[in-house]
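The block underneath contains the structure these notes are about, expressed in structure tokens.
The values are calculated or read from the model by the stated rules, or taken from the named source; none is laboratory data. If you're wondering where the values come from, they're calculated on a predicted model, not measured in any experiment. So basically every Cβ, Gly included, is an ideal-geometry build from the backbone, and we count neighbours across all protein chains shown. Surface areas here come from the heavy atoms of the whole protein model, side chains and all, with no ligands, DNA or RNA. Shrake-Rupley method; radii C 1.70, N 1.55, O 1.52, S 1.80 Å.
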Amino acid sequence: IECFMETASREEIELFLRGQYRLWNEGKFEDMLALFRKIAPAKLTIEYVGLPRQDGWQALDEMCEAYGGKTQAEVQELLINGNEAAVHVLNLRDKSTGIAPSPSIEFYRFDKGNLEIRYFYRANHPV
């Protein structure tokens, strides 16, 4: 994916999304962050729906620290319409934790170097 300030194409969006999940699952967080920097050179925002929007870079750092290497993301469905995508993910923890898999629905909006992500997750699920 080239660094760009135009709205991403369908193919670029799919490459980005599949790439981020693959890198997450492989524990290659620096490579994953580099992928985010290429697709969102202007601005990244993340919202855990029900909470205030956050600076995306800080939220990604916190996510990597809290869940990196502890949770695998299994994509159940990936839909792309125009410059937006919706992904249904099953978040899997190590079975030894006793924590059941937890679904999330993730919305991505790509717009001229900006990326807005909204995560819907099961409230009160143990981490």
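Under the convention that each Lys and Arg Cβ holds +1 and each Asp and Glu Cβ holds -1, the size of the dipole of the stretch 1-67 around its Cα centre is about 100 debye.
In terms of Cα atoms, the Rg and Dmax of the chain work out to 14.1, 45 Å.
Normalised per residue, the accessible area of the chain is 58 Å², obtained with a 1.4 Å probe and no contribution from ligands, DNA or RNA. The protection proxy used here, the mean number of other Cβ atoms lying within 10 Å of each residue, ranks peptides 107-117, 73-83 as follows, highest first: 107-117, 73-83.
Dipole check for the stretch 53-96: with +1 at the C-beta of Lys and Arg, -1 at the C-beta of Asp and Glu, and the Cα centre as origin, the magnitude is about 180 Debye. Put a plus charge on the Cβ of each Lys and Arg, a minus charge on the Cβ of each Asp and Glu, and nothing anywhere else: the dipole of the chain about its Cα centre is then about 260 debye. Per-residue ellipticity at 222 nm, computed for the chain from helices alone with -39500 (n - 2.57) per DSSP H run of at least four residues, works out to -10000 deg cm²/dmol. Of the accessible area of the chain, computed with a 1.4 Å probe over protein heavy atoms only, carbon and sulfur atoms account for 51 percent. Computed on the Cα atoms alone, the convex hull of the stretch 85-127 gives a volume of 73 cubic angstrom per residue.
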